[in-house]
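Before any comments, here is the structure.
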Amino acid sequence: MTLRTILHYPDNRLRQKCPNHDLFNDDLKTLVSDMFETMYFEKGIGLSAIQINVATRVITIDVSKEQDNQMVLINPIIIEKKDPILFDEGCLSVPGFYEKVERYNYIRYQAQDVNGKEFEDEASELLAVCIQHEIDHLDGKLFVDYLSDMKKSKIEKGLVKQKQHSTQIKRTVNPYIK
Ligand code: QAP
Ligand code: CO
């Protein structure tokens, strides 16, 4: 179990189109368990492998309150979508910023589990939106891409400020520990 570092917008590594995942071995189990650990630690409900700089089509999700309903989606594909909605979204790669994005309230999807077995299921509301958000990551897309240039640059500047501020705090606390 290892906590991994999450890449932050506008890091270009988040822009990669991730290839299908085709090795269902112990390395995959380690990746998935590190993703859950990192996601829970950062208070997230969804994480894609590319957010921890692993360019492959692997997603972890847990939208339950008790954080006891782990979902792993490998090579997921949306096969049906209906009922457009506006959903207030955030992202672990865009910490502290939330904006409304148009999504679908119902989807049917296909994916493989951690053993490579294909399955099909439906999802609605928060889970449906989360799956759409995470699949976007696998294609190098972020929720900020749906926003106006003005909102996008406001978020970019805000994140730069945030980074400067947090390194400032670290310096004040102890100049020898990075
Ligand atoms: C994607 O997002 C999502 O800004 C997952 O400071 C978001 O887990 C799907 C988070 C909304 C559906 C609806 C964001 C944690 C977590 C932050 C997340 C933050 C701390 C975001
Ligand atoms: Co995200």
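Since every read-out is calculated from the coordinates, none of them should be taken as a lab result. Here the structure is a predicted model, which means the values were calculated and not measured. Don't worry about glycine lacking a Cβ; one is built from the backbone with ideal geometry, like all the others, and counts go over all protein chains shown.
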Too-long pairs where the Cα-Cα distance tops 24 Å, listed order kept, from LYS100/LYS141; LYS43/LYS100; LYS65/LYS170; LYS100/LYS157; LYS43/LYS161; LYS65/LYS141:
LYS65/LYS170; LYS65/LYS141
The size of the Cβ-based charge dipole (Lys, Arg +1; Asp, Glu -1) of the chain about the Cα centre, to the nearest 20 debye, is 1180
Along the Cα-to-Cβ line of LYS17, 7 Å from the Cα, sits a label point; which residues in the stretch 117-146 have backbone N less than 14 Å from it?
136-141
Can you put LEU86, LEU28 in order, fewest other beta carbons within 10 Å first?
LEU86, LEU28
Projected area averaged over orientations for the stretch 62-157, convex hull of C-alpha atoms, nm²:
6.8
If neighbour count is taken as other Cβ atoms inside 10 Å, put PHE87, PHE24, PHE143 in order from fewest to most.
PHE24, PHE87, PHE143
Most to least packed among 106-119, 56-69 [average Cβ atoms within 10 Å]:
56-69, 106-119
Output wanted: per-residue J couplings in Hz (rounded whole) for the stretch 44-55, from phi through Karplus 6.51 cos²θ - 1.76 cosθ + 1.60, θ = phi - 60°, x for Gly and Pro.
x, 10, x, 8, 10, 4, 5, 5, 10, 6, 10, 7
Could you give the radius of gyration (one decimal) and Dmax (whole number) of the Cα atoms in the chain, in Å?
16.8, 54
Cβ-based exposure ranking for MET150, MET71, in which fewest neighbours within 10 Å come first
MET150, MET71
Where Lys and Arg each count +1 and Asp and Glu each count -1, what net charge lies around PHE24 among other residues with Cβ under 10 Å from its Cβ?
-2
